[in-house]
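This report concerns only the one structure given below.
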Amino acid sequence: MTSQFTKLFSFILANVHDPAATDSADISALRLPCYSCMSPYLEDHYPYISHLYRKPLSFDTHCDKHSLDQSYLYSKNCSDMCVTLRINDVVGGRRRHGYVRGCLSDLNGYNHSLIKQLAERPGCLETSLKDLFLPTSQRGELEPSRLSICVCHNNLCNSSVSPPISPILLIFPIFFLFLFTFNFS
């Protein structure tokens, strides 16, 4: 009963528009558009991973990092944060990278203390499936597969795996190059 109420409350928060609100920042705080998709090979395996992730709006090759094309992806409103998971899988003896994009609330039973590290400072974290999800009877057999989880708070920001490089980080090497060029000439 409690989980159904929580799902209903999250849905209402994500999809109800307050016409009295005039500040766009207030509206965007309740409705954060995020891409919702999974790598296509995960569709065949979805019955086995449905206890970990909610079903995305699409299973599409355009969701994969190497061919990410935002014009083919669907988005949905989230009430929390956008998430991108890059999963390191082995399928048929071959290494694969699968992608899951969506809302933080699409992860079923995630480890809140692990995500808390990312909530305060958006970015990425390397972890494992066993560490990301809280243990349950279904999750007891999770393999320690490595994955990268990235969270962000901006509209449609889960189109990349790593956060953008800060321009300040690019200025420092140029500054030092400039400094050493003039000091040694």
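Read-outs: derived from the displayed coordinates by stated rules, not from any lab. Model, not experiment: these values are computed from the prediction. Every residue, glycine as well, gets a Cβ built from its backbone with ideal geometry; the counts of neighbours run over all protein chains shown.
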Computed E for Leu57/Ser148 - FRET, C-beta separation, R0 25 angstrom, nearest 0.05: 0.70
Three-way shape call for segment 48-144 based on the alpha-carbon gyration tensor, with the a/c threshold at 1.5: oblate
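Using Cβ contacts closer than 10 Å as the measure, can you line up Thr61, Thr136, Thr127, Thr84 from fewest to most?
Numbers: Thr61 14, Thr136 11, Thr127 18, Thr84 25.
Result, fewest neighbours first: Thr136, Thr61, Thr127, Thr84.
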